[in-house]
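Read-outs throughout are calculated quantities, based only on the coordinates presented, and are distinct from any laboratory measurement. Keep in mind the model is a prediction, meaning the values are calculated, not measured. Cβ placement follows ideal geometry from the backbone for every residue including glycine, while neighbour counts extend to all protein chains displayed.
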Amino acid sequence: MRSFTPKRAGSAAPAPGHDEPESAPFGWTLAAFTLTAVLVSGQLYVVIPLLPDMAAGWGAGPNTLTWLVTAFGVGYGVGFLVFGPLSDRFGRRRLLMLGLPLAAVSTALVAASPSPEIALVARVLQGLMVATFPPAALAYIAERIEPRRRVVAISAVTGAFLASALLMQVAAQLLVGATGWRGPFLLSAAGLALAALGLRAVMLPDPERPLTAGRGEASGSPAKRSWRLLAAYHAMPALLRDRTLLLRYAATIVLMTGFVALYTGLQIYGVTPSSGELLALRAAGLPAMVLVPLLMPWLGRIAPTIRAGAMLAAGALALAAIGLTDAAALGLVLLVAAYAAAITGGLPSLNEAVSARAGRARGTALALFSFALAVGGSVGPQVAAAFGAFTPLMYGLAIAMGLSALAVWVSGRGTST
């Protein structure tokens, strides 16, 4: 069987204290991380098509069970803040080898829930456990994929996070008739367990870090060990005081808010007369989510802040065009596809910009980045409803994305990435 052990690039010995980490195998790593990203992020959305069957099984109202979506989102967002710093301290691989099996168990608990109340608790736990993946995975890619391929890998994984919103809902809708509502959760649990095995096979061992390699780390009183654990979070206040990072986090929130608000607006304002046309609009973004990562070897030559700002500006123009032209049918599909392409390119660009700024606290910084995505996804439906009509929503989102593009450009002035 072909070995996954990579060779070190170059023959010169690195300077003491500045060892370059080994490069991970690109193809296997990309496949494992992309598939896991779809499965992990998709757990937020998989419950939506299952709500009617869950309500029938428990004798509850479907509207009441929408809290199952919110419960997962709460655990997911909190989990980013908890586990991102821990991945900096203990290592990306160690965290995922613990987190993904626990995510499989918590997902199976949702399937086994005898009542909505127990399912709510299980969904919070599920959100917490699957949140081990995004910050650790993105930090691992930034550290272990060779630089010339890194932007492609980041684009593919972040594109998978976005694509999961559609893919997992479609999969659940197709499965529920044959397996009942518990089936998709049981299959997801099995998939998460297999994902843990796949990542175990392709991920390189964690390098020794100054935070973990110290003499006597395992010794000392429980109070001292607790203090060392809390030390993993010491970087977070400094990151939150960094105005450059705050501008990039704010742009991340706007980006994800706009993505969710657009598709929510298409649904609640009856822009299309048939469910088939609405499905076409939802699927319009999938080609972009595949093609944009393929273009990243060329786009990656542009500085991340310039690239992210340009993508946000392009998204703003697409939204403004939808509002100005009152586009319908094919025109609307094309504009939505253009908007999805801008989002798919903007998300990894913001990820790179945050990662480059963070230094050794990359896992913590990307945990905050993932938390910003969770915030944007959570407020998107409320933003869509607040505007009261589709056209004003498009104008409002276009203005917000234009201002975010300006903020990202400003954040890149005078900083090194």
What list do you get for LEU81, LEU406 if you sort them by fewest beta carbons within 10 Å?
LEU406, LEU81
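Give me the mean projected area, in nm² to one decimal, of the convex hull enclosing the Cα positions of segment 327-417. Can you show the working numbers first?
Details: hull surface 27.2 nm².
Directional mean of the projected Cα hull area for segment 327-417 stands at 6.8 nm².
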Hey, what do the phi angles of segment 99-108 turn into as Karplus ³J(HN,Hα) couplings, whole Hz, using 6.51/-1.76/1.60 and θ = phi - 60°, x for Gly and Pro?
x, 5, x, 5, 5, 4, 5, 5, 5, 5
For GLU117, project a label point 7 Å along Cα to C-beta. Then give me every residue of segment 55-90 with its amide nitrogen under 17 Å of that point.
58-61, 64-65, 67-68
Per-residue ³J(HN,Hα) for segment 247-254, Karplus 6.51 cos²θ - 1.76 cosθ + 1.60, θ = phi - 60°, Hz, x for Gly and Pro
4, 6, 5, 4, 5, 5, 4, 4
In sequence order, calculated HN-Hα J values of segment 317-325 (Karplus, 6.51, -1.76, 1.60; Hz; x Gly/Pro):
5, 5, 5, 4, 5, 4, x, 6, 8
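What list do you get for THR257, THR64, THR244 if you sort them by fewest beta carbons within 10 Å?
Working: THR257 26, THR64 12, THR244 18.
Ranked by crowding around the Cβ, least crowded first: THR64, THR244, THR257.
Using a 10 Å cut-off around each Cβ, can you sort ARG307, ARG182 from fewest to most neighbouring Cβ atoms? Working shown, then result.
Details: ARG307 24, ARG182 18.
Ranking ARG307, ARG182 by Cβ neighbours within 10 Å, fewest first, gives ARG182, ARG307.
Using the Cβ atoms and a cut-off under 15 Å, what net charge is assigned to the surroundings of ARG301, where Lys and Arg are +1 and Asp and Glu are -1? Mind showing how you got there, number by number?
On the way: positive: ARG148, ARG149, ARG150, ARG307; negative: GLU352.
Value of the local net charge: +3.
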Please list the non-local residues whose amide H lies under 5 Å from the amide H of ILE145, H modeled 1.01 Å from N, same-chain partners needing a gap of 5 or more.
ALA24
